[in-house]
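A.B. asks: Sharing a structure with you now.
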Amino acid sequence: MVPVELVGNALCLDFTNTVNARPVAGRDWLATTKEAVTWADATGHPLEELGDLAEARDFREAVFRVFQPLAHGGQVPQGDLDRILAVYGEGVTRGQLDSHEGNFRLEWSPPRTIQVLVWEVAASAVELLTHGPLDRLGECPSCCWLFLDVSKNRRRRWCSMTTCGSRDKSRRYYAGHS
């Protein structure tokens, strides 16, 4: 099985990256129950029951449409911002604050479903939107994955050097030497 790559540095960005390319995805971690469970386990948000994957995929695209233009300094669609806020609000009303390592965090009662994961993604998106750093958002030019550049020099260009970075460098090298 293909390993799950988590390169976004924020749950909401890794969630948008559950497809390997846009506009035509060759791999979608939310396409089947088995893949969704594998992806959720890899992120540390394991699922006990699933739920509506179509709704999760639809929410994923709304989150992408918010953060993708922000990665380029563009305007955000208000309808998608409203959607994130509505999902977040629903999650807040169904959750509770639990003490965790000296702080509190939003938690939901079992069972852990895809809906709980979507609420966690919405909370991650609201946290990133309200506290940033939005100036460190990036988009891989090869696969369209989104990431938060946490590098010291702020020069991250690709989702990862092991996939798109090395492929792009090789392509440019061979184009210049053929």
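A.B. asks: Cut-off 13 Å, label point 7 angstrom out along Cα-to-Cβ of VAL76: give me the residues of segment 108-134 whose amide nitrogen falls inside.
C.D. replies: 122-134
A.B. asks: Taking only complete DSSP H runs, can you tell me which helices of the chain stretch 20 Å or more along their own long axis by Cα positions and average at least -1.0 on the Kyte-Doolittle scale?
C.D. replies: 53-70, 78-94, 114-131
A.B. asks: Same structure, new question: Roughly speaking, what is the stretch gain from VAL150 to ASP135, that is 0.36 nm per residue apart minus the C-alpha to C-alpha distance, in nm to one decimal? List each step's numbers first, then the result.
C.D. replies: Working: separation 15, 0.36 × 15 = 5.40 nm, distance 1.08 nm.
Roughly 4.3 nm would be gained on extension.
A.B. asks: What nm distance separates the two modelled labels at VAL4 and SER142, each placed 7 Å from Cα along Cα→Cβ?
C.D. replies: 2.3
A.B. asks: Picking from THR113, ASN103, GLN78, whose Cα lies most toward the positive end of the charge dipole for the chain (charges on Cβ: Lys, Arg +1; Asp, Glu -1)?
C.D. replies: Result: GLN78, furthest along the dipole toward the positive end.
A.B. asks: What 222 nm value per residue comes from the helices of the chain, counting each DSSP H run with n ≥ 4 as -39,500 (n - 2.57) and dividing by all residues, nearest 500 deg cm²/dmol?
C.D. replies: One gets -14500 deg cm²/dmol as the mean residue ellipticity at 222 nm.
A.B. asks: At a Förster distance of 25 Å, what's the computed FRET efficiency of GLN96 paired with ASP58, Cβ-Cβ distance as r, to 0.05?
C.D. replies: In this case the efficiency is close to 0.40.
A.B. asks: Something else now. Give, rounded to the nearest 20 debye, the magnitude of the charge dipole that segment 11-176 has about its Cα centre when Lys and Arg contribute +1 at Cβ and Asp and Glu contribute -1 at Cβ.
C.D. replies: In total the dipole reaches around 1180 debye.
A.B. asks: Also: Scaled to the compact-protein estimate 2.2 N^0.38 Å, what is the alpha-carbon radius of gyration of segment 1-112, rounded to two decimal places?
C.D. replies: Numbers: Rg = 15.0 Å, N = 112, 2.2 N^0.38 = 13.2 Å.
This ratio for segment 1-112 stands at 1.14.
A.B. asks: Next question, about the same structure. Long-range amide H contacts for LEU137: which residues qualify at under 5 Å (H placed 1.01 Å from N, peptide plane, sequence gap of 5 or more or a different chain)?
C.D. replies: Amide H to amide H, under 5 Å and 5 or more residues apart or across chains, LEU137 pairs with ASP149.
A.B. asks: Not counting the cut sites, what is the longest span of the chain without trypsin sites (Lys or Arg not before Pro) that DSSP labels loop and that have at most 10 other Cβ atoms within 10 Å?
C.D. replies: 1-151
Read-outs: derived from the displayed coordinates by stated rules, not from any lab. What you see is a predicted model, and the numbers here were worked out from it, not measured in a lab. All Cβ positions, glycine included, derive from the backbone under ideal geometry; neighbour counts span all protein chains shown.
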